[in-house]
């Protein structure tokens with residue numbers, strides 16, 4: 001079942017969870033952490049792998065335009081979605097994940113309103129629904145297989161964005177520290193990440209690694 005995003009148009013706990021971000025304009029994944037009083041950004045595109053809590057993925061609308069804490073109006077998929085609080089709220093998703101041991105094994109929040117990213121997460125959700133029947137009670141180990149460029153507009157309005165192509169490479173029991181924390185309508189601060197340079201041509205291929213990275 002699709003997540004119900006419209007690609008043609010534009011309750012819970014507020015504890016702060018570090019983020020992982022996909023920049024659809026560049027086709028890159030990155031981490032941003034607060035270290036010794038300053039934010040440090042790390043590109044993890046080639047190493048990205050995580051256990052996704054797709055079972056508890058949230059959809060609804062998000063406003064990232066505030067310049068500070070984004071505003072979330074989301075609910076667990078299948079529950080009633082809150083009405084967008086403002087005209088700046090765009091369709092989006094939020095999901096928690098646990099990074100591979102090679103990337104620190106931390107719990108991260110992944111959220112986006114970029115249409116290209118929504119397409120990728122929608123396909124991942126479809127793959128999850130198809131595979132969970134044979135893996136009840138398990139969560140998918142997900143790798144970034146590649147990115148697919150999509151160009152829209154013409155002339156000065158022409159732009160290219162990158163759809164993440166995710167692949168489920170294994171299924172694992174839910175880690176003890178991957179606990180679903182619903183996002184309330186008023187969100188805790190989540191800092192934005194500066195865009196990385198886009199791939200020079202075509203799709204981006206990344207190293208796949210193994211499911212052993214999760215122990």
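The values are calculated or read from the model by the stated rules, or taken from the named source; none is laboratory data. A quick note: this is a predicted structure, and the numbers were derived from the prediction, not measured. Glycine gets a Cβ as well: all are built from the backbone with ideal geometry, and neighbour counts include every protein chain shown.
Check 165, 150, 141 and return the single one that is in a strand (DSSP E or B), at pLDDT 95 or above and surrounded by fewer than 15 Cβ atoms within 10 Å (Cβ to Cβ). Step through it out loud before you land on a result.
Details: 165 fails: surrounded by fewer than 15 Cβ atoms within 10 Å (Cβ to Cβ); 141 fails: surrounded by fewer than 15 Cβ atoms within 10 Å (Cβ to Cβ).
The unique qualifying residue is 150.
Filter segment 24-33 down to the residues that are within 16 Å of the chain's Cα centre (by Cα) and surrounded by fewer than 23 Cβ atoms within 10 Å (Cβ to Cβ) and list them by number.
Step one: list which residues in segment 24-33 are within 16 Å of the chain's Cα centre (by Cα), which gives 24-32.
Listed by number, the residues that qualify are 25, 26, 30, 31, 32.
Within 30 Å of residue 68 (Cβ to Cβ), in contact with a helix residue (DSSP H, G or I) (Cβ under 7 Å, 6 or more places away or on another chain), modelled with pLDDT of 75 or more and assigned to a loop (DSSP other than H, G, I, E, B), is that true of residue 180? Break it down into steps so the answer makes sense when it comes.
Details: within 30 Å of residue 68 (Cβ to Cβ): yes; in contact with a helix residue (DSSP H, G or I) (Cβ under 7 Å, 6 or more places away or on another chain): yes; modelled with pLDDT of 75 or more: yes; assigned to a loop (DSSP other than H, G, I, E, B): yes.
Judged against the criteria, residue 180 is a match.
If I filter segment 34-76 down to residues being part of a loop (DSSP other than H, G, I, E, B) and modelled with pLDDT of 95 or more, which single residue comes out as surrounded by the most Cβ atoms within 10 Å (Cβ to Cβ)?
48
Within segment 77-104, which residues are closer than 26 Å to residue 175 by Cβ and assigned to a strand (DSSP E or B)?
First, the residues of segment 77-104 that are closer than 26 Å to residue 175 by Cβ: 77-79, 92-104.
Residues satisfying the conditions are 92, 93, 94, 95, 96, 97, 98, 99.
For segment 98-123, enumerate the residues that are crowded, with 22+ Cβ neighbours inside 10 Å and either closer than 11 Å to residue 54 by Cα or at pLDDT below 95 (or both).
121 - this is the single residue of segment 98-123 that is crowded, with 22+ Cβ neighbours inside 10 Å and either closer than 11 Å to residue 54 by Cα or at pLDDT below 95 (or both).
Give the number of residues within segment 113-137 that are out of contact with any strand residue (DSSP E or B) (no Cβ under 6 Å at 6 or more places or on another chain) and within 19 Å of residue 61 (Cβ to Cβ).
5
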